[in-house]
Structures are given as structure tokens and as C-alpha cells.
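Some notes on the structure that comes next.
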Amino acid sequence: MRNYILEEQIEKDGFVDMEVDPSMDIFAEIDKLRKEKNAIILAHYYQEPDIQDIADYIGDSLGLAQKAAQTNADIIVFAGVHFMAETAKILNPTKKVLVPDMKAGCSLSDSCPPPLFQKFKEQHAGHTVVSYINCSAGIKALSDIICTSSNARAIIDSLPADEKIIFAPDKNLGAYINKVTGRNMVLWNGACMVHEIFSLEKIVKLKERHPKAKLIAHPECEDSILRIADFIGSTTAMLNYTMKDDCNEFIVATEAGILHKMIEGSPAKTFIAAPPDNSCACNECPHMKRNTLEKIYNTLKYELPELQMDEKLRIAARKPIDRMMDISKQAGLLG
Ligand code: 13P
Ligand code: SF4
């Protein structure tokens with residue numbers, strides 16, 4: 001039966017705004033609901049530590065897409081942002097995909113609206129379109145292949161050297177891939193608000209104060225930061241690097257949520273979040289941080305908000321994801 005009150009709340013606020021008893025053990029209650037309903041909670045590393053701790057799986061975009069494709073759960077709760085939940089739905093049309101907060105968007109995805117991108121494509125006829133997974137289903141449907149920060153290089157390397165390519169929507173990741181592959185891809189002018197805000201000046205000063213520390217950076221960062229980085233990779237690659245490398249101190253240039261798993265993985269090492277250009281907490285993604293334990297509890301309890309997708313759009317958006325999965329498998333990037 002439809003619940004019009006909750007639907008109205010979701011329309012207005014993006015989430016089910018029902019009071020949660022502050023005295024209850026919310027971890028135990030989420031766990032109970034998850035078991036009763038055969039649900040799986042997928043979370044990105046940029047979530048609050050409590051959410052990471054309750055999740056069934058935490059990963060980067062490639063790992064999350066892979067997990068979403070493999071799960072036997074009836075319900076997928078996606079503690080991440082909207083485009084990630086869309087990817088889960090594209091891969092699982094018969095499953096219920098729940099989003100704790102529908103307004104958890106992404107500045108990078110928003111920087112590439114499908115109607116404008118369609119025009120851009122028309123201006124570059126004959127180009128293969130490779131899109132970073134941080135884009136809407138509408139952009140995926142206009143793309144030939146999807147990539148993530150884990151497999152972008154392998155995807156581009158799999159294409160013939162003379163292939164003309166449009167890369168969207170992240171200009172920083174695109175420029176980095178151009179640099180390491182020697183390609184000249186046409187770049188859409190989009191960027192992530194979190195990775196663009198790091199201050200080169202402050203990072204250089206930090207490096208002076210911590211001469212033994214290594215700078216590790218996500219490829220969504222600007223070239224000026226990537227140039228001085230000791231390691232560049234996806235969130236999972238950065239985490240693995242900190243666990244395997246001999247260094248005991250790291251300056252981390254990505255969203256600060258990843259520090260939770262880094263500290264857990266290497267408790268004796270020191271992790272310093274790279275400072276942003278101003279005094280606010282801008283190295284936190286405001287979209288990712290819209291998710292809370294209370295919203296996850298309500299989402300499981302009421303099975304709302306549910307992500308819906310037009311079937312024609314879903315089928316069109318699925319093709320480039322399948323190509324990504326195939327190329328990644330061939331490159332040994334998927335299990
Ligand atoms: P990855 O976790 O795939 O590296 O992506 C980072 C990111 O910005 C997700 O929004
Ligand atoms: Fe989007 Fe950047 Fe937030 Fe990732 S960190 S969800 S790319 S705004």
C-alpha cells in the first residue's frame with residue numbers, strides 16, 4: 001500500500017523523516033531488519049565511520065558495481081550517492097534498490113547534463129565516448145564504455161591507439177589518463193568539488209613539516225597536486241598502498257572518510273588529511289555525508305526511498321557498463 005505521507009516527505013526532503021527512538025540500539029536494529037528482509041548494505045569509503053562499520057561491503061566504485069552485480073540479496077541499500085545506486089539498479093532490474101537520501105547527489109555528475117552532452121557528442125562525431133562512472137544514467141546511455149578510477153587506464157589502453165575518444169565528465173581524471181597513456185582525448189569540462197579544493201601551497205608546507213610522509217592522491221585531483229604525489233590511485237588502491245608500503249606517514253588527498261579504513265588497516269601509521277584551500281571541512285563530500293544511520297534504519301524499515309528507472313534508459317545505460325566489466329575482467333581487474 002502506498003504511503004502518501006512518506007512519499008511527500010521524500011519529494012520534499014529526499015528521505016523518510018520519521019523519528020528514530022534515540023534509546024534503541026540502532027546497530028542491532030539495522031542488523032535485524034537487514035536479516036529479516038534479506039538486504040545487503042553497500043557503502044563507499046566516504047561514508048561516516050559508523051556506516052562503514054555496519055556495511056556488508058565497503059569499496060570503490062568498481063568494487064561496489066561488482067558487488068551489486070553479484071549479490072543474491074532481495075534488497076540493496078546503497079550508502080553512497082545517487083549515481084552509485086543507479087548503477088546498482090541498472091545491473092539489478094528485479095531487485096529493490098533503496099537510497100537512504102535521494103538528494104545525495106554528486107557535483108561531478110551534475111556538471112554533465114545529458115542534453116548538453118548530446119550536443120557535445122554531435123560536435124565530435126566519430127569519437128568513442130568513455131565516461132567515468134560518476135555520471136547519471138542519462139550520460140551512461142550516451143556512452144560507449146564506462147570506466148572507474150580503478151580501471152580507466154586499462155579501458156583506454158584496450159582501445160586502438162588511433163581511436164578518437166571523448167572522455168567525460170571529469171577533466172582531471174581525463175587529463176591524467178591522457179598524460180599516462182599519451183592519448184589526446186577530448187575532455188568534458190567537469191570536476192569534483194571535493195578533489196578540486198586541495199591547496200597545493202598547504203600540501204607543500206605539510207610535506208616540509210613531515211619530510212618522511214608520502215603524498216597519495218586520487219586522480220580526480222588537479223594536475224598540480226598529482227605532479228607531486230608519490231602514488232595516484234582509486235580509493236581502494238590508495239588504501240591497499242598504505243597497507244603494503246613501508247612508509248609510516250601519509251598525506252591523503254581524497255575525501256577524508258577513507259582515513260577510517262586506513263587507520264583500521266595500519267593502526268601504527270600516521271594519516272594526515274590533505275588540507276583544503278580554506279578553513280572549512282571541504283575535504284568532506286557533502287553529498288556522501290547526507291547519509292546517516294537513522295536514514296539507513298528508516299530506509300530498511302519503510303523500504304523507501306526506492307530508486308526507480310525507466311526500462312529503456314536502463315537497457316541503454318547497461319551496455320557501456322557491461323563493456324567495462326568485460327574489459328576489466330580481461331585486464332584481471334575483476335574477480
Ligand atoms: P573511487 O572510490 O571509485 O576511487 O571514486 C571516488 C569518488 O569520488 C567516488 O565518488
Ligand atoms: Fe561526487 Fe566528488 Fe562527492 Fe565523489 S567526492 S560523490 S565525485 S562530489
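Counted by neighbouring Cβ atoms within 10 Å, the residues THR299, THR128 run from fewest to most as THR128, THR299.
Across the stretch 170-268 the C-alpha pair distances fall into 5 Å bins from zero in the proportions 2, 13, 23, 23, 19, 12, 5, 2, 0 percent. For the stretch 293-335, what class follows from the C-alpha gyration tensor (a ≥ b ≥ c being the square roots of its eigenvalues): rounded when a/c is under 1.5, otherwise prolate if a/b is larger than b/c, else oblate? Taking the square roots of the gyration eigenvalues as a ≥ b ≥ c, the stretch 293-335 is oblate. The mean sequence distance of close C-alpha pairs (under 8 Å, at least 6 residues apart), as a share of the length of the chain, puts its relative contact order at 23 percent. Over the stretch 236-298, the fraction of Cα-Cα pairs per 5 Å bin, rounded to whole percents and listed from the shortest bin up, is 4, 16, 24, 19, 16, 14, 6, 2, 0. Based on alpha carbons, the Rg and Dmax found for the stretch 103-247 are 16.2, 50 Å. Residue-wise HN-Hα couplings along the stretch 144-160, as the Karplus relation 6.51 cos²θ - 1.76 cosθ + 1.60 with θ = phi - 60° gives them from phi, are 8, 9, 9, 9, 10, 5, 6, 10, 3, 5, 4, 5, 5, 4, 6, 8, x Hz; Gly and Pro carry x. Taking a sphere under 15 Å around the Cβ of HIS260 and counting the other residues whose Cβ falls inside, with K and R at +1 and D and E at -1, yields a net charge of -4.
With the convex hull drawn over the C-alpha atoms of the chain, the volume per residue is 149 Å³.
In the stretch 212-254, what trypsin sites (Lys or Arg not before Pro) fall in a loop by DSSP, with at most 16 other Cβ atoms inside 10 Å? List each step's numbers first, then the result.
On the way: sites: LYS212, LYS214, ARG227, LYS244; in loops: LYS212.
Passing both the DSSP loop test and the Cβ count: LYS212.
On a per residue basis, the convex hull of the C-alpha atoms belonging to the stretch 190-237 measures out at 76 Å³.
Taking the Kirkwood radius as Rh and the Cα radius of gyration as Rg, the stretch 5-69 has a ratio of Rg/Rh equal to 1.02. Diffusion of the stretch 77-187 by Stokes-Einstein, at 25 °C in a medium of 0.890 mPa s and with Rh set to the Kirkwood radius over alpha-carbon pairs, works out to 167 µm²/s. For the stretch 193-325, the fraction of C-alpha pairs more than 18 angstrom apart is 63%. The convex hull built on the alpha-carbon positions of the stretch 16-142 has an orientation-averaged projected area of 9.1 nm².
Every number in this text was worked out from the coordinates using simple rules, so none of it is lab data. The structure presented is a predicted model; accordingly, all values stated were derived computationally and were not measured. Here the Cβ is made from the backbone with ideal geometry for all residues, glycine too, and neighbour counts use every protein chain on show.
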